[in-house]
2 protein chains.
Amino acid sequence: MHKKKPITVVKIGGNIIDDAQELKQFLADFAKIDGLKVLVHGGGKSATKMAQSIGLVPQMIDGRRITDAAMLEVVVMIYAGQINKDIVAQLQANDANAMGFSGADGNLIQSDKRNHPTIDYGFVGDVKKVNTTLLETLLNSGIVPVFCAITHDKNGQLLNTNADTIASELAIALSEFFEVTLSYCFEKPGVLYDAEDDSSVITKMNPELYAKLKAEKAIHSGMIPKLDNCFNSLSKGVQQIKIGHHKMLQNTNAVCTTIEL
Amino acid sequence: MHKKKPITVVKIGGNIIDDAQELKQFLADFAKIDGLKVLVHGGGKSATKMAQSIGLVPQMIDGRRITDAAMLEVVVMIYAGQINKDIVAQLQANDANAMGFSGADGNLIQSDKRNHPTIDYGFVGDVKKVNTTLLETLLNSGIVPVFCAITHDKNGQLLNTNADTIASELAIALSEFFEVTLSYCFEKPGVLYDAEDDSSVITKMNPELYAKLKAEKAIHSGMIPKLDNCFNSLSKGVQQIKIGHHKMLQNTNAVCTTIEL
């Protein structure tokens, strides 16, 4: 068997997207990553701002946006339009041959509308299937795919979808053909023991430590689905996962959290 | 030399996009076109409506939108986000493997910011170059490209670009590898002698007739750049051009205007 080619899947959070200078610096660093790469971006605050400016009242349950038809229009506009195309144009200026996608494009990511027993999340999708064959063709043509957090159900319905989940599902699907490193970039240098202390980075996280920190409530609610995603991805074939500030992409000595099984 | 494969490039105007039922019917017909195909869509009224709802005042000169930075954000959101992704999702539901693009994606269409001696059009682009090699790879992978009227300058700047021009530039570029039919679909059955009489379709338009009708002022201002584009495309290698209602896509006997050199 041939050794698999390495690929880097990077997910950036809203705080990078909301800060034009930080985004610019991130994209310059991302463009310099050697070899194959994929970018997944969340939404930032623009969708909420746009919704408010046209009179919609955003609804959240457990930190998740409830996506009614009007809000879906807004997130599609902002995520797949404004943010995605701005990122693609900037990467092109950095000589990365970026191409922006929702899951509907090329049926790259198909989802099921979430069917929850008690909460109606609205037009929210849970990833069902990644079109890895087409993705591999694109990557082998030198394309740098840039995914926004919108998917579809293949029946004409676009669906708002969690960007962390998209990143981990892409990483899992790609691990069939590639040796995948998945990097979650955000404003902090890693997962912290003490949320108030940026020097308290947990450099190695494994399931035992995770269980212990959850029991101690040292791991916060927003971090739990992120870490659950990570352990799930590792168990399904992803080679390596890192969480930290985007400077870890260019500086392999930068402090960050490495997730291990 | 091998015979070139046929390809159909279709451009739809704003009136189809603004009418959900008409758009749905058009997309079902478009999906059924045999063989390779490309769709180019204009913007419709949504961008103007969105601009107004967030307090922008659209400016037009000679029927062309003046695109300042705020208006560019709106057209990118609406054209590349809302309209493009809705069309892609609907085509996917019709089993066409659609993939939505701005010109920035894969550097498929690079433009120069318009430099006019007297009018500052703002962030408006004139097409400079089509990345035909990548487009051919995508088409040969079974992709149905769907282009919105946004391009970029390869230096990080997105640019608002006339959709008719994008359609004709794509058709010209593709004619190097394919036998191209370019179809402009709108709400009328073709170019009319009498704008008030839908039965007055000019079924064959050639340069002599065009010159005569322009001199008689029977051809309207909006139709002039469209027809200029058509004759330019034919002289540069496009095989066939049709203007008419989208029913001509499925019914080869439907009345329409065929443009000839």
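Here are the numbers for the structure shown:
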{"quantity": "When residues of the stretch B:46-80 are limited to those that are surrounded by 20 or more Cβ atoms within 10 Å (Cβ to Cβ) and polar (S, T, N, Q), the one nearest to residue A:87 (Cα to Cα)", "calculated": "B:67"}
{"quantity": "Residue list for the stretch A:199-215, filter: among the hydroxyl-bearing types (Ser, Thr, Tyr), within 23 Å of the chain's Cα centre (by Cα) and loosely packed, with under 14 Cβ neighbours inside 10 Å", "calculated": "A:203"}
{"quantity": "Restricting the stretch B:1-16 to residues that are under 23 Å from residue B:108 (Cα atoms) and touching a Leu at 6+ places or on another chain (Cβ under 9 Å), the residue that is surrounded by the most Cβ atoms within 10 Å (Cβ to Cβ)", "calculated": "B:9"}
{"quantity": "Residues located in the stretch B:111-170, provided they are in contact with a helix residue (DSSP H, G or I) (Cβ under 6 Å, 6 or more places away or on another chain) and among the small types (Gly, Ala, Ser)", "calculated": "B:141, B:149, B:156, B:168"}
{"quantity": "Boolean, residue B:170 is in contact (Cβ under 8 Å) with a residue 40 or more places away in the chain, of a type in the set (A, V, I, L, M, F, W, C) and within 23 Å of residue B:23 (Cα to Cα)", "calculated": "yes"}
{"quantity": "Residues (under 14 Å from residue A:85 (Cα atoms) and among the charged types (D, E, K, R)) located in the stretch A:22-45", "calculated": "A:24"}
{"quantity": "Long-range neighbours under 7 Å by Cβ, at least six apart or interchain, first residue under 8 Å from residue A:44 (Cβ atoms) within the stretch A:7-26, second among the β-branched types (Val, Ile, Thr) and crowded, with 21+ Cβ neighbours inside 10 Å", "calculated": "A:17/A:83"}
{"quantity": "Residue count, the stretch B:56-80 (criterion: at pLDDT 90 or above and more than 7 Å from chain A (Cβ to nearest Cβ))", "calculated": "10"}
{"quantity": "Single condition residue B:40 does not satisfy, out of (1) assigned to a loop (DSSP other than H, G, I, E, B); (2) touching a helix residue (DSSP H, G or I) at 6+ places or on another chain (Cβ under 7 Å)", "calculated": "(1)"}
{"quantity": "Selection count, the stretch B:199-211, where residues are outside any loop (DSSP other than H, G, I, E, B) and over 14 Å from residue B:254 (Cα atoms)", "calculated": "6"}
{"quantity": "Filtered residue count, the stretch A:213-260, keeping only those that are in a loop (DSSP other than H, G, I, E, B), modelled with pLDDT under 90 and in contact with a Phe, Trp or Tyr (Cβ under 8 Å, 6 or more places away or on another chain)", "calculated": "2"}
{"quantity": "Subset of the stretch A:43-72 (residues that are charged (D, E, K, R), over 20 Å from the mean Cα position of the chain (by Cα) and in a loop (DSSP other than H, G, I, E, B))", "calculated": "A:68"}
{"quantity": "Close pairs (7 angstrom Cβ cut-off, 6 or more residues apart or separate chains): within 10 Å of residue A:260 (Cβ to Cβ) in the stretch A:203-224, surrounded by 15 or more Cβ atoms within 10 Å (Cβ to Cβ) and of a type in the set (S, T, N, Q) anywhere", "calculated": "A:204/A:258; A:205/A:257"}
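The values are calculated or read from the model by the stated rules, or taken from the named source; none is laboratory data. Since this is a predicted model, take the numbers as computed values, not measurements. Here the Cβ is made from the backbone with ideal geometry for all residues, glycine too, and neighbour counts use every protein chain on show.
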